[in-house]
């Protein structure tokens with residue numbers, strides 16, 4: 001069973017699909033497939049073999065937030081959507097609107113902030129995961145990414161604008 | 001003169017409380033922890049035989065409340081108290097009060113603390129014993145006298161607070177024109193910080209090394225030094241890497257400085273464990289800086305090279321035993337290094353970082369020791385020192401110790417809202433000047449001004465690990481249908497709050 005999940009870092013959003021077969025896992029990062037085998041250990045330890053390379057990782061999570069320690073470095077991620085269920089997650093700065101289908105309404109701000117930059121224009125074709133806006137919220141810079149492939153129908157905000165929680169940001173018609 | 005210690009109250013928290021509790025457990029001494037309301041679930045509380053809450057989270061309402069700590073000691077019928085470092089550890093009145101309450105204070109006497117607590121008194125005391133001090137002036141507070149003395153010392157110079165510490169009330173004066181203004185602002189700051197606006201002048205030692213000697217004295221007049229620690233790697237007056245032996249000392253200088261350290265401790269009538277700090281200039285001339293009348297954060301470095309457990313030794317001395325070794329029996333072996341792990345965010349200007357540690361996995365292996373105050377599930381709060389752990393390694397040589405430290409830092413897993421300075425420590429270890437042993441106290445400021453961690457793409461391995469972690473943990477407990485949160489209080493779908501990302 002294939003299933004797609006989006007993970008966001010302050011820099012960008014990544015699309016992950018994972019499929020299990022008798023031979024192990026096939027995991028695609030932004031469409032690039034890796035063959036992966038895994039053994040789980042105590043306390044969040046994962047002994048991975050990724051395309052034949054052995055990697056030891058530790059993972060901890062709290063709801064949609066994940067922290068990964070791999071090869072001496074620590075990474076923080078946030079799960080923003082699960083495409084299989086067709087439902088957007090509760091993103092830090094933006095989420096899909098009311099009924100949860102990412103294509104039905106505009107992307108709205110989940111917390112107050114300020115628009116630093118608008119990276120797309122109405123009529124642009126966008127790919128899922130592509131950055132649409134840069135927001136500043138809670139003193140952090142956050143990228144708002146397209147939840148689906150599609151076309152930008154409407155940009156509701158401009159650079160410099162201060163936005164309230166729930167404000168409409170960008171409307172995308174899915175491809 | 002020997003009084004067996006049966007039960008010790010540990011008047012501290014965090015890693016040092018844990019360290020002391022472990023020593024007591026080894027010696028079969030019962031333990032009592034004290035804790036603030038914020039620390040009810042802390043590691044040191046869990047490890048002690050008994051624990052007493054002494055008040056709310058702010059230190060002045062708990063860990064600095066001598067009265068409540070003494071009450072706790074009486075109620076639990078302790079016969080000794082170990083103060084650790086920080087909080088009340090160098091408070092002479094507290095040491096006296098502990099003794100007046102009929103308890104053994106594991107540390108020096110109050111009068112020895114007083115003799116060394118004032119920087120000017122300490123300078124006079126050790127200078128009389130023939131120990132070199134930084135050239136300076138402390139004979140008068142009159143501005144005309146100070147200005148005349150400043151001319152004699154020469155510029156640049158330092159204005160320092162008599163009651164000082166931690167860089168407070170300290171001013172560097174480049175030239176005569178800036179002296180009066182610096183005197184005034186140093187006095188203001190000292191009055192505010194210490195309630196004492198007396199100041200003194202000291203010659204500016206350019207790019208010094210910070211080299212300190214561990215001393216121990218018993219109640220029979222024996223004082224011995226246990227070698228040095230080089231603590232030159234400092235960030236904003238905060239030590240971050242310490243090592244022994246110092247890369248710049250040879251046996252001759254070690255013998256000379258060690259003898260000076262012993263003379264300084266003797267001059268103060270010092271007992272128990274203490275540290276004599278020296279500055280060493282570019283020509284390897286050394287000057288007494290100050291004495292710390294307590295166990296130091298970096299004491300494990302000395303334990304590693306000497307094989308002596310300083311906390312157990314402190315308890316034995318406090319119980320009235322004689323030092324079990326003479327100076328010539330102290331041997332230094334190999335090279336020890338310590339890195340201090342701070343809960344701070346190097347990507348955000350080293351601001352303190354708080355929150356829960358979701359997962360902590362300490363590095364374990366030959367020659368690796370971790371003294372940690374927090375572990376998986378613990379909360380790092382803003383009330384206390386952001387130093388959450390120390391990694392200490394032993395190597396045959398300095399290079400060997402650096403390699404081992406690099407390994408240990410790479411394998412220290414600390415996951416959760418809390419971020420640490422580990423990436424910064426690794427950058428320091430990798431720096432050419434550090435590798436060459438050329439660090440002085442300005443090294444970090446010079447080499448790492450404006451440093452921030454390298455921003456890189458998240459590696460595929462991290463993303464794959466995250467995705468698999470979620471897939472594998474959701475197969476055991478099938479994830480609920482979208483929109484339904486029944487029976488799954490941790491479901492991210494049920495969250496209505498916002499949360500911050502802290503990469």
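The values are calculated or read from the model by the stated rules, or taken from the named source; none is laboratory data. If you're wondering where the values come from, they're calculated on a predicted model, not measured in any experiment. Positions of Cβ are generated from backbone atoms using ideal geometry, with glycine treated the same way; all protein chains shown enter the neighbour counts.
Every residue, every condition in (1) within 19 Å of residue B:336 (Cα to Cα); (2) within 15 Å of the chain's Cα centre (by Cα); (3) in a helix (DSSP H, G or I), yes or no:
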| position | (1), (2), (3) |
| --- | --- |
| B:257 | no, no, yes |
| B:262 | no, no, yes |
| B:270 | no, no, no |
| B:278 | no, no, no |
| B:289 | no, no, no |
| B:297 | yes, yes, no |
| B:301 | yes, yes, yes |
| B:305 | yes, no, yes |
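Kindly indicate whether residue B:216 is in contact with a helix residue (DSSP H, G or I) (Cβ under 9 Å, 6 or more places away or on another chain) and either at positive phi or part of a helix (DSSP H, G or I) (or both).
Details: in contact with a helix residue (DSSP H, G or I) (Cβ under 9 Å, 6 or more places away or on another chain): yes; either at positive phi or part of a helix (DSSP H, G or I) (or both): no.
When the stated conditions are applied, residue B:216 does not pass them.
For residues that are surrounded by fewer than 24 Cβ atoms within 10 Å (Cβ to Cβ) and touching a helix residue (DSSP H, G or I) at 6+ places or on another chain (Cβ under 9 Å), tally how many sit in segment B:20-31. If you could, list the steps in order and put the result at the bottom.
The initial filter retains those residues of segment B:20-31 that are surrounded by fewer than 24 Cβ atoms within 10 Å (Cβ to Cβ), namely B:22-23, B:25-30.
Now narrow it down to the ones that are touching a helix residue (DSSP H, G or I) at 6+ places or on another chain (Cβ under 9 Å): B:22-23, B:25-27, B:29-30.
Qualifying residue count for the region: 7.
Conditions first: (1) at pLDDT below 95; (2) more than 25 Å from residue A:10 (Cα to Cα); (3) part of a helix (DSSP H, G or I). Residue B:314 passes all but one, so which condition is the exception?
Here residue B:314 meets the rest and fails (1).
Being within 7 Å of chain B (Cβ to nearest Cβ) and free of Cβ contacts under 8 Å to residues at least 24 places away in the same chain is the filter; apply it to segment A:1-24 and report the residue that is surrounded by the fewest Cβ atoms within 10 Å (Cβ to Cβ).
Step by step, filter segment A:1-24, then rank; the result is A:18.
Taking only segment A:31-50 into account, find how many residues are more than 7 Å from chain B (Cβ to nearest Cβ) and out of contact with any helix residue (DSSP H, G or I) (no Cβ under 9 Å at 6 or more places or on another chain). Full working, then the answer.
First, pick out the residues of segment A:31-50 that are more than 7 Å from chain B (Cβ to nearest Cβ): A:31-33, A:35, A:37, A:39, A:41-42, A:45, A:47, A:49.
Keeping just the survivors that are out of contact with any helix residue (DSSP H, G or I) (no Cβ under 9 Å at 6 or more places or on another chain) gives A:31, A:33, A:35, A:37, A:39, A:41-42, A:45, A:47, A:49.
Residues that pass the stated criteria total 10.
What is the one condition in (1) modelled with pLDDT of 95 or more; (2) in contact with a strand residue (DSSP E or B) (Cβ under 6 Å, 6 or more places away or on another chain); (3) outside any helix (DSSP H, G or I) that residue B:234 does not satisfy?
Of everything listed in (1) modelled with pLDDT of 95 or more; (2) in contact with a strand residue (DSSP E or B) (Cβ under 6 Å, 6 or more places away or on another chain); (3) outside any helix (DSSP H, G or I), residue B:234 misses just condition (2).
Just checking, does segment A:103-112 include any residue being closer than 27 Å to residue B:456 by Cβ, away from chain B (no Cβ under 13 Å), modelled with pLDDT of 70 or more and more than 12 Å from the chain's Cα centre (by Cα)?
no
Just to be sure, is residue B:355 touching a strand residue (DSSP E or B) at 6+ places or on another chain (Cβ under 8 Å), surrounded by fewer than 20 Cβ atoms within 10 Å (Cβ to Cβ) and at positive phi? Working first, answer last.
Numbers: touching a strand residue (DSSP E or B) at 6+ places or on another chain (Cβ under 8 Å): yes; surrounded by fewer than 20 Cβ atoms within 10 Å (Cβ to Cβ): yes; at positive phi: yes.
Answer is yes for this residue.
Just to be sure I understand, how many residues within segment B:117-163 are free of Cβ contacts under 8 Å to residues at least 40 places away in the same chain, closer than 30 Å to residue B:253 by Cα and assigned to a loop (DSSP other than H, G, I, E, B)?
So the answer is 0.
Report those helices (runs of 4 or more DSSP H) wholly inside segment B:387-450 carrying at least 2 residues which are away from chain A (no Cβ under 14 Å).
B:398-410, B:432-435, B:443-447
Inspect segment B:175-186 for any residue being under 29 Å from residue B:344 (Cβ atoms) and in contact with a helix residue (DSSP H, G or I) (Cβ under 6 Å, 6 or more places away or on another chain) and give the result as yes or no. Break it down stepwise before answering.
Going through segment B:175-186, the residues under 29 Å from residue B:344 (Cβ atoms) turn out to be B:185-186.
Retained after the next criterion (residues that are in contact with a helix residue (DSSP H, G or I) (Cβ under 6 Å, 6 or more places away or on another chain)): none.
No, every residue in segment B:175-186 fails to be under 29 Å from residue B:344 (Cβ atoms) and in contact with a helix residue (DSSP H, G or I) (Cβ under 6 Å, 6 or more places away or on another chain).
Sort out which residues of segment A:51-68 are over 16 Å from residue B:356 (Cα atoms) and either in contact (Cβ under 8 Å) with a residue 60 or more places away in the chain or within 7 Å of another protein chain (Cβ to nearest Cβ) (or both), and write them in order of number.
To start, the set of residues in segment A:51-68 that are over 16 Å from residue B:356 (Cα atoms) comprises A:51-58.
Scanning segment A:51-68 gives A:55, A:57, A:58.
If I ask for residues that are within 13 Å of chain A (Cβ to nearest Cβ), within 27 Å of residue B:395 (Cβ to Cβ) and outside any loop (DSSP other than H, G, I, E, B), which ones from segment B:322-381 would you list?
Of everything in segment B:322-381, those that are within 13 Å of chain A (Cβ to nearest Cβ), within 27 Å of residue B:395 (Cβ to Cβ) and outside any loop (DSSP other than H, G, I, E, B) turn out to be B:341, B:346, B:360, B:361.
Filter segment B:1-35 for residues that are part of a strand (DSSP E or B) and more than 15 Å from residue B:66 (Cα to Cα) and give the result.
Going through segment B:1-35, the residues part of a strand (DSSP E or B) turn out to be B:7-10, B:30-35.
Within segment B:1-35, B:7, B:8, B:30, B:31, B:32 meet the criteria.
Considering each of B:73, B:38, B:57, B:46 in turn, give the residue that is in a helix (DSSP H, G or I), over 22 Å from residue B:314 (Cα atoms) and in contact (Cβ under 8 Å) with a residue 24 or more places away in the chain. Working first, answer last.
Working: B:73 fails: over 22 Å from residue B:314 (Cα atoms); B:57 fails: in a helix (DSSP H, G or I); B:46 fails: in contact (Cβ under 8 Å) with a residue 24 or more places away in the chain.
So the residue among B:73, B:38, B:57, B:46 that is in a helix (DSSP H, G or I), over 22 Å from residue B:314 (Cα atoms) and in contact (Cβ under 8 Å) with a residue 24 or more places away in the chain is B:38.
A quick yes/no check of all residues on (1) in contact with a helix residue (DSSP H, G or I) (Cβ under 8 Å, 6 or more places away or on another chain); (2) at pLDDT 95 or above:
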site	(1), (2)
B:82	yes, yes
B:88	yes, yes
B:96	yes, yes
B:99	yes, yes
B:114	yes, no
B:120	no, no
B:124	no, no
B:140	yes, no
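Among B:98, B:126, which is the only one that is buried (at least 19 other Cβ atoms within 10 Å of the Cβ) and over 24 Å from residue B:312 (Cβ atoms)?
From the options B:98, B:126, the qualifying one is B:126.
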